[in-house]
Amino acid sequence: MNRMPILSGKKLNASDLPKYTWNADLISFDGPLLSLFKQSDGLDALFAWLDCDNTRNRWCVIPVTRSELWDYLTGKISLRALILKLPTIYVFNTGAKASRRAFTEIDKLPDFYLPDSDSFLTAEISTTAAKKLTDEAAQEETLILVGEEIYLEDLEGIPKLYQQLYSFHYGMEHLARPAVRNTVQQLMSEWRGGIGAVNLFSGLKSVTPSIHRARVVELRYNSPGVIKMSLLPLLSQRIKLAMNKIIGDEDFSNSESLYSEIYSYFRAHDISGLEDERAIVAKELMPHQITDLKFFITKFFNVIDWQSYAENFDKLAITPVSQLRMLLAYYRRLRKLREYIVSNKLALQ
């Protein structure tokens, strides 16, 4: 019977480590060999396969910074170099059900487990998901200009709203990725009122690797001031385009009319509660109601000019009610951001 070497170190409980969420497999051969995970604190970690016996697989956890992840994905640093940087390393086992157990903290990885010195991520061994992560590079830009009369609640509210919109667009642009699609479907199937919207945006942030998150480069307020960020320019552009669709008085009136029309339909058919969504009614929809809700979804996409999202969005395994709740949750945040713009507290460049 094949046995794995015994590793001496400090035994840990799963609760001693951050919660890790799968994001993408980077190297795979008859199963994943190296995968990208997100920690509960938002940082990234690589899970590298080390060894196996007849019933278990052994893995190690490699926390990485934003720059380290990007350098590894782009072939500038090897996996061996990332491991050797670590002051200690976590090792764990998985069984048939892939549950993690037998966590051990060791001082260093034994030489027989260390990758070769040329363990770079090359095009020949990287997965399609790994290649797509490097297709999009974050760029620095002056994102937000703030006006002359800003209060503390504004400095809290503006970045929070922008981050939520940014996370939503990341999800819409990456619905083809299993980790993103599964997160959306799970969260929307568990929707329980207003907290569901919060969970949706935080959940989408949780599947955004650090290399794609909006990172503050400079924060300066001297009436007016700027917030410079490093982010994916496509997502920044998406937010600006959506804002342009509702910024004018006539356009905003049309979007508000659609918003009111949808909620009036919800109330009339006992589908949902009030706008804060604290009282949601679950019920089986009639065929004509499904048709009506799909019409509202199409109409919303036309108002915001999101035709490019329509195909992937329609493939989500969630009900039309859940789809509309997603869109309306986004719209509520977009119109809040609009309030800062029309009150001359904010400008999107």
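The values are calculated or read from the model by the stated rules, or taken from the named source; none is laboratory data. Since we're looking at a predicted model, the values are computed, not measured. Every residue, glycine as well, gets a Cβ built from its backbone with ideal geometry; the counts of neighbours run over all protein chains shown. The protein model used for the area step is the full one, side chains on, heavy atoms only, and it has no ligands, DNA or RNA in it. Shrake-Rupley method; radii C 1.70, N 1.55, O 1.52, S 1.80 Å.
Only a single criterion out of (1) under 17 Å from the mean Cα position of the chain (by Cα); (2) modelled with pLDDT of 90 or more; (3) not basic (Lys, Arg) is not satisfied by SER28, namely (1).
Can you tell me which residue among THR134, THR183 is more than 15 Å from the chain's Cα centre (by Cα), of a type in the set (Val, Ile, Thr) and at negative phi? Show your work before the answer.
Values: THR183 fails: more than 15 Å from the chain's Cα centre (by Cα).
None of the others qualify; the one that does is THR134.
When PHE47, PHE92 are screened for being open to solvent by less than 40 Å² (accessible area, probe 1.4 Å), touching a Cys at 6+ places or on another chain (Cβ under 9 Å) and modelled with pLDDT of 95 or more, only PHE47 passes.
Here LEU235 meets each of (1) farther than 21 Å from LEU293 by Cβ; (2) open to solvent by 60 Å² or more (accessible area, probe 1.4 Å) with one exception, condition (2).
In region 69-103, the residue that is farthest from ALA137 (Cα to Cα) out of those that are among the basic types (Lys, Arg) and in contact (Cβ under 8 Å) with a residue 60 or more places away in the chain is ARG101. Residues in region 137-162 that are open to solvent by 70 Å² or more (accessible area, probe 1.4 Å), of a type outside the set (Lys, Arg) and within 20 Å of the chain's Cα centre (by Cα): GLN139, GLU140. Note on region 24-46: residues that are acidic (Asp, Glu) and closer than 16 Å to ILE83 by Cα total 1.
Considered as a group, the residues in region 1-44 that are under 30 Å from ASN199 (Cβ atoms) and aromatic (Phe, Trp, Tyr) include one that is most open to solvent (accessible area, probe 1.4 Å), and that residue is TRP22. Just one of the listed residues (LYS228, LYS240) is open to solvent by 30 Å² or more (accessible area, probe 1.4 Å), within 30 Å of GLU149 (Cβ to Cβ) and in a helix (DSSP H, G or I), and it is LYS240. For region 108-131, the set of residues classified as part of a helix (DSSP H, G or I) and either of a type in the set (A, V, I, L, M) or over 26 Å from the mean Cα position of the chain (by Cα) (or both) consists of ASP111, PHE112, TYR113, ALA129, ALA130, listed by residue number.
Check every one of the strands (runs of 3 or more DSSP E) wholly within region 1-68 and list those with 1 or more residues that are touching a residue at least 12 places away in the same chain (Cβ under 8 Å) and touching a Pro at 6+ places or on another chain (Cβ under 6 Å).
Values: elements: 10-12, 20-28, 32-39, 44-52, 57-64.
Once the strands (runs of 3 or more DSSP E) in region 1-68 are filtered for at least 1 residues that are touching a residue at least 12 places away in the same chain (Cβ under 8 Å) and touching a Pro at 6+ places or on another chain (Cβ under 6 Å), what remains is 20-28, 32-39, 44-52.
Being among the basic types (Lys, Arg), closer than 27 Å to HIS212 by Cβ and either within 26 Å of the chain's Cα centre (by Cα) or not in a loop (DSSP other than H, G, I, E, B) (or both) is the filter here, so list the residues in region 69-107 that pass it. Result: LYS76, ARG80, ARG100. Evaluated against (1) in a loop (DSSP other than H, G, I, E, B); (2) modelled with pLDDT under 90, GLN186 falls short on exactly one condition, (1). If you check LEU109, LEU69, LEU121 for being within 29 Å of LYS228 (Cβ to Cβ) and crowded, with 16+ Cβ neighbours inside 10 Å, only one passes: LEU69.
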